[in-house]
Amino acid sequence: MVMFPDSPHLASVVSNHGPDKSSITPLVRCTRHMCPIRVHWHVKLNYKEYWRVKVTVTNFNYRMNYSDWNLVVQHPNFDNLTQLFNDTAMLWGVKFYNDFLMQAGSDGNVQSELLFKKDKSTFTFDKGWAFPRRVYFNGDVCVMPPPDAYPWLPNTGSRQEVSLLVLMMTSLVALVLHAYA
């Protein structure tokens, strides 16, 4: 997920407006996207009835300390969480309690894991369904790839099944080794 540097939605993150930002010019680490932050959505595990995601926000702006930040994520699976009225979730940092995004680079990141219950009637990893539809950081829209650009993932957790052939071959090898021992 990246934000385009010349996007009008990025103004509050990198431009010099507001009394406390008047002398701050962005110094963004050289990356492919040249955005001041990166939001990484990683599908970690796929269980039978649940699936787990790790969200990482990394600060790439060496002159900006994000201590009071917010991240809004719109995802189709958020609507089957309890106490939620739509498909949007909000994560935020609290000033003086969350100092992780105050540094730039690998030390300036914050991570959280989300656990989702699978609704067997609607759950699929096809066509980018596992990834959010929209992401906002401090009110700015993060530009995301289209759903068909995401990798297609298996819908169920891996199940190890022992085939009859493998069982017979293992037994045969054990008998042969036992006979020669």
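What the table shows:
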item: Any hit, the stretch 49-58, residues being at pLDDT below 75, loosely packed, with under 13 Cβ neighbours inside 10 Å and part of a loop (DSSP other than H, G, I, E, B); result: no
item: Filtered residue count, the stretch 36-53, keeping only those that are free of Cβ contacts under 8 Å to residues at least 40 places away in the same chain and within 15 Å of VAL141 (Cβ to Cβ); result: 2
item: In the stretch 132-177, residue surrounded by the most Cβ atoms within 10 Å (Cβ to Cβ) [restricted to those that are of a type in the set (S, T, N, Q) and modelled with pLDDT under 80]; result: ASN155
item: Subset of the stretch 34-48 that is surrounded by 16 or more Cβ atoms within 10 Å (Cβ to Cβ) and not aliphatic (A, V, I, L, M) - its residue that is modelled with the lowest pLDDT; result: CYS35
item: Among residues of the stretch 68-92, those that are in a loop (DSSP other than H, G, I, E, B) and modelled with pLDDT under 75, counted; result: 7
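The values are calculated or read from the model by the stated rules, or taken from the named source; none is laboratory data. Remember, it's a predicted structure, so these values are computed and weren't measured experimentally. Positions of Cβ are generated from backbone atoms using ideal geometry, with glycine treated the same way; all protein chains shown enter the neighbour counts.
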